[in-house]
Amino acid sequence: MSGFATRSGAKRLQALGRLKTGAMNATEAAYAKHLALREAAGEIVWTKFEGLKFRLADNTFYTPDFIVMLADGSMEAHEVKGARAIFQDDAKVKIKVAAETYPFRFFACFPRKVRDGGGFDVEPV
């Protein structure tokens, strides 16, 4: 039996390797298309993938997947995860510290199953 088969459900959902900085995984690419539709509808005026890095403490940083500027000028940071199960404690702590420190609204974004209508659930942190 391989080591993969014995991992917990959450571990199986995690990527086996990291992509290079600036490269989107499939879920992030789908979310970029979702944001592009919102931009075409006039809700969003600007987005940037991995556009900002927030300093949380010495040698501790948080880079959200997307920075989004809404039509009203407000700024948001969107963290995209493939499933709620892989939104682990360390990521939750970093995003909460960033939300308490910086004047952005922070959101966790999860894909909905096709049978549930597809798209994304966008939840405030």
Short version: ³J(HN,Hα) in whole Hz for each residue of region 108-125, in order, from phi by Karplus 6.51 cos²θ - 1.76 cosθ + 1.60 (θ = phi - 60°), x for Gly and Pro, what are they?
-> 9, 10, 10, x, 8, 5, 4, 5, 9, x, x, x, 9, 8, 10, 10, x, 9
So which of 33/96; 33/81; 53/81; 53/113; 20/96; 48/113 end up more than 23 Å apart by C-alpha?
-> 33/96; 53/113; 20/96; 48/113
Taking only Cα atoms, what is the 0 to 90° angle, nearest 10, from helix 89-101's long axis to the longest principal axis of the chain?
-> 20
Estimated 222 nm signal from helices in the chain, with DSSP H stretches of n ≥ 4 weighted -39500 (n - 2.57), rounded to 500 = -8000 deg cm²/dmol
Region 23-84: equivalent-ellipsoid semi-axes (sqrt of 5 x gyration tensor eigenvalues, Cα, Å) = 22, 16, 8
Put +1 on the Cβ of each Lys and Arg and -1 on the Cβ of each Asp and Glu in the chain; which of 66, 35, 85 then has its Cα farthest toward the positive end of the dipole?
-> 85
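Roughly what % antiparallel, to the nearest 5, for the DSSP beta bridges in the chain? Show your work: numbers first, answer last.
Working: 17 of 22 bridges.
Of all bridge pairs located within the chain, approximately 75 percent are antiparallel.
With +1 assigned to the C-beta of every Lys and Arg and -1 to the C-beta of every Asp and Glu, and no other charges, what is the dipole magnitude of the chain about the Cα centre in debye, to the nearest 20? The partial results should precede the final answer.
Values: 19 positive and 15 negative charges, 120 e Å.
For the chain, the charge dipole is close to 580 debye.
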What residue among 98, 114, 49 has its Cα farthest toward the positive end of the dipole of region 24-124, where the charges are +1 on Lys, Arg and -1 on Asp, Glu, each on the Cβ?
-> 114
Sorted on mean Cβ neighbours within 10 Å (highest first), peptides 106-112, 119-125 come out as 106-112, 119-125
Pairing the Cα long axis of helix 26-40 with the longest principal axis of the chain, what angle in degrees results, from 0 to 90 and rounded to the nearest 10?
-> 20
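Hey, what D do you get for the chain in µm²/s if you plug the Kirkwood alpha-carbon radius into Stokes-Einstein at 10 °C and 1.306 mPa s? Provide the component values of the computation, followed by the final result.
Details: Rh = 15.7 Å.
Answer from the Stokes-Einstein relation: 101 µm²/s.
Every read-out reported here was derived from the displayed coordinates using simple, explicitly stated rules and does not represent laboratory data. All figures in this text were calculated on a predicted structure; none of them were measured in a lab. We place every Cβ from the backbone using ideal geometry, glycine too, and count neighbours over all the protein chains shown.
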